[in-house]
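Below is one structure, written out as structure tokens; the observations come after it.
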Amino acid sequence: MTDPAPAAASPDLGSDEFGSDEFGASERGRPHHDAERSLDGLSRSGRTTAAVLMTLLIAGFALARYLTPAEEGLGTHQQLGLPPCSMRVIAGIPCPACGMTTSFSHFTRGQWLGSLSANTGGFVLALLCLALIPLLARAALTGRWALPRMSRDPDSPSRRPEWWGVVGMSLVGTVTLIDWAFRLAE
């Protein structure tokens with residue numbers, strides 16, 4: 001007896017449009033839930049998270065606009081009922097974040113030099129937050145990230161939003177610490 005002819009094999013045999021097998025596991029071995037995943041890539045909860053983050057950034061900018069920048073270059077946060085910087089009170093030196101709220105307040109008024117002089121890291125953070133708003137809006141509305149592609153490899157870390165978050169926060173942290181060192185040297 002001869003065996004029947006094997007069925008034509010296809011690369012995605014047994015998988016759905018998301019690359020999952022019949023058990024819901026993706027090709028990378030991570031399970032996913034079809035009911036929550038949108039056709040464009042982000043799950044419903046991912047899209048909601050993007051919308052919430054975008055709203056929080058806009059609210060943060062609105063709050064910074066509401067505050068009056070402190071003339072001393074720091075202390076604007078005290079208008080919110082917060083105490084003075086503990087490091088400044090105890091050690092007599094400003095902390096790396098001193099002037100960050102003032103920097104944001106200047107930034108929302110288009111006072112770039114005032115923002116830079118209050119806290120350079122705050123200026124960089126404000127720029128990154130401003131750039132994030134349209135990226136988060138696109139993610140919330142379409143379910144797709146609009147991130148720069150540093151590699152054609154689909155598994156490259158640079159294609160993941162977390163990677164860009166680490167890069168952005170590393171940049172802000174580095175600039176803030178360098179700015180702090182210069183302020184301490186004055």
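Just so it is clear, none of the values below were taken in a lab; they were calculated from the coordinates. Keep in mind that this is a model prediction, so the values were computed, not measured. As a convention, Cβ positions derive from the backbone with ideal geometry for all residues, glycine included, and neighbour counts pool all protein chains shown.
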About the Cα centre of the range 94-186, what is the dipole size in debye to 20, counting +1 per Lys and Arg Cβ and -1 per Asp and Glu Cβ, all else neutral? 360
What distance in nm lies between label points placed 7 Å from Cα along the C-beta direction at L82 and T68? 1.9
Taking a point 7 angstrom from the Cα of I58 along the C-beta vector, which residues in the range 95-132 have backbone N less than 19 Å away? 108-109, 126-132
Quick calc: nm separation of the 7 Å Cα→Cβ label points for A137 and R160 -> 2.9
Per the 1/(1 + (r/R0)^6) rule, R0 = 30 Å and r from the Cβ atoms of R109 and D153, FRET efficiency to 0.05 is 0.10
For the residue pair T174 and R44, what label-to-label distance in nm results when each label sits 7 Å from Cα along the Cα-to-beta-carbon direction? 4.1
